[in-house]
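Structure first, then comments.
Bear in mind these aren't lab numbers, they're just calculated from the coordinates by the rules spelled out. Only a predicted model underlies this, so the values are computations on that prediction, with no experimental measurement involved. Please note: Cβ atoms are built from the backbone with ideal geometry, for glycine as well, and neighbour counts cover all protein chains shown.
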Amino acid sequence: MSNTALFPNTTSPTFPAAEVGVCAQGPISNRWPAAKINKSAIVDPFVEGSTRYYAKSTIFWLYLSFLVGVFGVLQTQWFVAFTNRPDYTQIRKDIQESKRLQDQLAREYGLRSGSTPSAGIEIHRDLFNTPQTEEIEGQLRFLLQDDLLQSDLKRAFGYDFRDINAVVFPGWLIYESVSEQAGLTPQGELSVLRSSGSSTSLGFTLRDQPEQQRLTIDGRPRIALNVGAFKTRETLRFALFHELFHAMNVPGISPSRFTFAQNDLTYLTEYRSYLWRSGLEGNRQYLIWLLIVIIPWTISLFCILRLVNLRRAKRESDKMLSGYLSS
Ligand SMILES: [Zn+2]
């Protein structure tokens, strides 16, 4: 007896072979398209949210530290030296023309007053007190006796500090109407009050230049020292060293407007090399590099590594998830 004979009216349930095969091998989504699974729904929202937060804060610190590093580079001597190359031919020409004019003014003053202005660097003893005068004398002697410095200057500019005729006077007294005693013309006094006489700087120099109004009565550059210059021996030496360049008629060229840690003479190789050799600036240049370049850019590097790790972890978790869902 056959099954067919026992249940003549019953039709056996049929399962198409093809469909059985799909169930075993094909993707579930093909079989139940309506049951599509939203992957994000099964990712822990806390983990996902905190990863996004870490990524965002890392990107913020990456930008910030990178920009601080860029700002730091703008403060370095290296940046000024790189962007502001001195034109020695022009500098020598400027020095010679100014020196010629100043010598002529000194001769005219001598004829007018009957007393020839003294050569060399004169300290205004009536306006400085004795300890100040002695400190200035000591630091000037130190600088002028440095043969290596003088030979470097002579080679670069045709002049050195020993060729300078100038008068050193206290810058803080300029506000107490000592302009006449200091040998300044009314125009010289005005220019001090307008710009150079900032009490925050260590000093400033007034000098006569061609095609400009006369600032001194006898052509000798006037080096004004502010109170800050007397803070330590090093600050006084630094102030004199800087101002003697100007008294030698070397033009100052301001660095970029984003550079705050360098000055108008940093562009000169001789200026920078003496500062390094003498240690007059202490660890200042090292600190600039360390604190606002190396440390911020190291932080940037760590941020980049962290972002790479976060991205890799995200990719691996995505891969694991899709592997799990497709199994
Ligand atoms: Zn200067």
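Run the numbers for Glu211 and Arg52: contour at 0.36 nm per residue of separation, minus the present Cα-Cα distance, in nm.
Gain on extension, Glu211 to Arg52, equals 50.8 nm.
List the trypsin sites (Lys or Arg not before Pro) in the range 179-276 that DSSP assigns to loop (not H, G, I, E or B) and whose Cβ has at most 14 other Cβ atoms within 10 Å. Which are they?
Passing sites in the range 179-276 are Lys231, Arg257.
What Kirkwood radius, in Å to one decimal, follows from the Cα pairs of the range 172-327?
Taking the inverse mean of 1/r over all distinct Cα pairs, the range 172-327 comes out at 19.8 Å.
Convert 20 °C to kelvin, take the viscosity as 1.002 mPa s, use the Kirkwood radius over C-alpha pairs of the range 103-216 as Rh, and evaluate the Stokes-Einstein diffusion coefficient in µm²/s, rounded to a whole number.
136 µm²/s
With the crude spin-label approximation of a point 7 Å out along Cα→Cβ, what separation in nm comes out for Val308 versus Ile59?
For the pair Val308/Ile59, the computed spacing is 1.9 nm.
Could you check the spin-label model distance between Phe260 and Arg125? Points 7 Å from the Cα along Cα→Cβ, value in nm.
4.3 nm
Excluding Gln96 itself, calculate the net charge of residues whose Cβ lies under 12 Å from the Cβ of Gln96, where each Lys or Arg counts +1 and each Asp or Glu counts -1.
Taking every Cβ under 12 Å from that of Gln96, the sum is 0.
Name the chymotrypsin sites (Phe, Trp or Tyr not before Pro) in the range 226-292 that are in a loop by DSSP and that have at most 13 other C-beta atoms within 10 Å, would you?
Those that pass, being in a loop and sparsely packed, are Phe258, Phe260.
Check Asn226: other-chain or 5+ apart residues with amide H under 5 Å from its amide H, H built from backbone geometry?
So Asn226 has HN proximity to Gly171, Gly203, Phe204.
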